[in-house]
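Q: Got a structure here, written out as structure tokens. Questions coming.
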Amino acid sequence: MKNSNSSVGFLPTAFILVGIPGLETKHIWISIPFCLMYIIIFLGNGTILHVIRTDASLHQPMYLFLAMLALAEVGVSASTLPTVLGIFLFDTSEITFEACLLQMFFIHSFSIMESAVLLAMSVDRFVAIYSPLRYTTILTLPRISGTGAVIGLKSVILMAPLPILLQRLPFCGHNALSHSYCLHPNLIHLPCGDISINNIYGLFIVTSTFGLDSLLIVVSYGLILHTVLGIATGEGRKKALNTCGSHVCAVLAYYVPMIGLSMVHRFAHHASPLLQTMMANAYLFFPPVINPIVYSIKTKEIRRGIIRMLSEKRLRV
């Protein structure tokens with residue numbers, strides 16, 4: 001352990017990560033579903049990225065935002081992969097203090113990006129339904145690129161102070177984390193100093209990103225429903241709503257586990273560690289696993305692109 005400037009604590013040189021509480025002897029078997037999830041995440045999202053990049057007909061706002069979503073989900077999964085597979089495959093449960101803060105930074109940064117992209121996609125769907133004739137003139141390539149750059153920059157700027165704020169706090173002997181990766185809500189319970197600034201800033205990040213994004217998504221869909229109800233024909237209404245189906249699934253897959261995990265961390269202090277672990281895994285793994293599957297099934301342009309890509313590979317063979 002290395003001493004901090006404070007006389008009441010120290011900075012730990014490492015943290016101990018926990019796999020699945022109570023199932024430590026079965027880690028090798030638990031690694032199988034995690035490996036399968038990582039394969040689906042990287043293969044599924046990678047395929048979507050490849051199809052959108054190589055198919056010129058998919059260089060449209062909706063699919064460019066989908067590519068951003070897939071990139072954010074790959075980033076979240078890549079951030080967790082070293083510690084998750086290290087624990088379950090190699091029984092490596094220790095992570096250095098600096099590496100833990102870095103992992104926390106990347107996990108939350110990519111999660112913030114994911115939330116912001118979901119908001120951008122809801123605005124995209126509103127513009128497509130409200131003003132279809134001006135859709136491509138409103139959502140131009142420079143505006144989409146600028147939106148992506150702002151989303152990435154905002155995530156990095158918001159998250160940058162958190163590792164610094166944690167480094168200034170003294171720790172008092174507790175260095176065991178309750179997940180297979182480093183999350184801020186888990187880390188913040190370990191210091192023995194005053195964490196009020198960390199809590200206030202963490203709450204600011206949550207409300208200014210996830211809270212505001214979810215509110216604006218609800219507003220966007222309120223406007224979408226109002227616009228759809230103004231469409232004269234039932235067939236037109238159905239067609240308009242069908243364009244939102246995949247995005248609604250993505251929003252639910254992202255926000256439902258996140259809200260559940262937040263509730264467990266804040267209110268269920270005496271809940272089983274297994275429940276906290278399962279909620280955290282659902283929050284990080286469910287969206288990147290389910291979204292490529294949903295978009296591949298429900299979006300015919302993506303489905304055609306995948307079929308075309310597979311056909312071309314078969315012809316080369």
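The values are calculated or read from the model by the stated rules, or taken from the named source; none is laboratory data. From a predicted model like this one, the values you see are computed outputs, not experimental measurements. Quick reminder, even Gly has a Cβ in these numbers, built from the backbone with ideal geometry, and neighbours come from all protein chains shown. Surface areas here come from the heavy atoms of the whole protein model, side chains and all, with no ligands, DNA or RNA. Shrake-Rupley method; radii C 1.70, N 1.55, O 1.52, S 1.80 Å.
Q: Read phi for every residue in region 92-109 and hand back ³J(HN,Hα) as whole Hz from Karplus 6.51 cos²θ - 1.76 cosθ + 1.60, θ = phi - 60°, with x for Gly and Pro.
A: Here the 3J(HN,Hα) series is 9, 9, 9, 9, 5, 4, 5, 5, 5, 5, 5, 5, 4, 4, 5, 4, 6, 4 Hz.
Q: Okay, next question. Taking the C-alpha atoms of the chain, how large are the radius of gyration and the largest Cα-Cα span, Dmax, in Å?
A: Reported Rg and Dmax, both Å: 21.5, 73.
Q: While we're here: Over the chain, what percent of the accessible surface lies on carbon and sulfur atoms, probe 1.4 Å? If you can, show how the numbers build up before the last one.
A: Values: 11180 of 15880 Å².
Roughly 70 percent of what the probe reaches on the chain is carbon or sulfur.
Q: Still on this model: Using only Cα atoms, what is the ratio of the radius of gyration of region 114-207 to 2.2 N^0.38 Å?
A: Values: Rg = 19.3 Å, N = 94, 2.2 N^0.38 = 12.4 Å.
Region 114-207 yields a ratio of 1.56.
Q: Work out Dmax and Rg for region 184-247 from the C-alpha atoms and quote the Rg first, both in angstrom.
A: When restricted to the Cα atoms of region 184-247, Rg and Dmax are 20.1, 63 Å.
Q: Students often check this: by mean Cβ neighbours within 10 Å, which of 252-264, 31-43, 192-204 ranks highest, and how do the rest follow?
A: On the way: 252-264: 17.6, 31-43: 15.6, 192-204: 13.3.
In descending order of packing, they fall as 252-264, 31-43, 192-204.
Q: Right, something else. What is the Cα centroid distance between region 163-227 and region 128-145, reported in whole angstrom?
A: 33 Å
Q: Check the cysteines of the chain one by one and keep only those with no other cysteine Cβ under 4.7 Å from their own.
A: Cys35, Cys244, Cys249
Q: Calculate, for Leu241 and Leu212, the FRET efficiency according to 1/(1 + (r/R0)^6) with r their C-beta to C-beta distance and R0 30 Å; round to the nearest 0.05. Intermediate values should be presented prior to the final figure.
A: Numbers: r = 25 Å, r/R0 = 0.84.
After rounding to 0.05, the efficiency reads 0.75.
Q: Oh, and also: Take a quick pass over the chain and tell me how many lysine pairs come in under 25 angstrom between Cα atoms, counting only ones 8 or more apart or on separate chains. It would help to have the intermediate numbers written out before the result.
A: Numbers: Lys238/Lys298; Lys238/Lys300; Lys239/Lys298; Lys239/Lys300; Lys298/Lys313; Lys300/Lys313.
Qualifying lysine pairs in the chain: 6.
Q: While we're here: Taking one equal scatterer on every alpha-carbon of region 183-317, how large is log10 of I(q)/I(0) by Debye at q = 0.09, 0.11, 0.14, 0.16 1/Å?
A: Rounded to two decimals, the profile gives -0.46, -0.63, -0.86, -0.98.
Q: Another question, then. Hey, rough spin-label estimate for Phe286 and Arg304, points 7 angstrom out along Cα→Cβ, what's it come to in nanometres?
A: Going by the 7 Å Cα→Cβ label model, 3.3 nm.
Q: I would also like to ask the following. Compute the length gained on full extension between Ile16 and Leu36: take 0.36 nm times their separation in residues and subtract their Cα-Cα distance, giving the result in nm to one decimal. Kindly include the intermediate steps, with their values, before the conclusion.
A: Details: separation 20, 0.36 × 20 = 7.20 nm, distance 2.48 nm.
Extra length available between Ile16 and Leu36 comes to 4.7 nm.
Q: May I ask you to derive the relative contact order of the chain, considering only C-alpha pairs under 8 Å and at least 6 residues apart, and to give it as an integer percent? Let's see the in-between values first.
A: Working: 353 pairs, mean separation 84.4, N = 317.
Relative contact order of the chain: 27 percent.
Q: Another question, then. State the answer as a single residue: which of Ile48, Met258, Ile217 lies farthest towards the positive end of the charge dipole of the chain, with beta carbon charges of +1 for Lys and Arg and -1 for Asp and Glu, about the Cα centre.
A: The one lying farthest along the dipole's positive direction is Ile48.
Q: Moving on. Can you tell me the order of 242-251, 205-214, 59-68 when each peptide is scored by its average per-residue count of other Cβ atoms within 10 angstrom, highest first? Working shown, then result.
A: Numbers: 242-251: 18.4, 205-214: 16.7, 59-68: 21.2.
Highest mean packing first, the order is 59-68, 242-251, 205-214.
Q: Then there is this: For the chain, give the magnitude of the charge dipole about the Cα centre (Cβ charges: +1 Lys/Arg, -1 Asp/Glu; no others), in debye to the nearest 20. Before the final figure, lay out each step's value.
A: Numbers: 20 positive and 13 negative charges, 231 e Å.
That gives a dipole near 1100 debye.
Q: Quick one: pull the percentage of alpha-carbon pairs in region 73-170 with a separation above 23 Å.
A: Working: 2127 of 4753 pairs.
Everything past 23 Å amounts to 45 percent.
Q: Starting with the highest mean, order 293-300, 139-146, 180-187 by the number of other Cβ atoms within 10 Å, averaged over the residues of each peptide. All intermediate terms of the calculation are to be shown ahead of the outcome.
A: Values: 293-300: 15.8, 139-146: 12.8, 180-187: 22.1.
Highest mean packing first, the order is 180-187, 293-300, 139-146.
Q: Let me ask something additional. So for region 187-317, averaging the separation of alpha carbon pairs under 8 Å that are six or more residues apart and normalising by length, what relative contact order in percent results?
A: Reported as a whole number, the value is 19 percent.
Q: Still on this model: For Cα pairs less than 8 Å apart in space and 6+ apart in sequence, what is the mean separation divided by the residue count of region 40-182, i.e. the relative contact order in percent?
A: On the way: 103 pairs, mean separation 44.9, N = 143.
Once divided by the residue count of region 40-182, the mean separation gives 31 percent.
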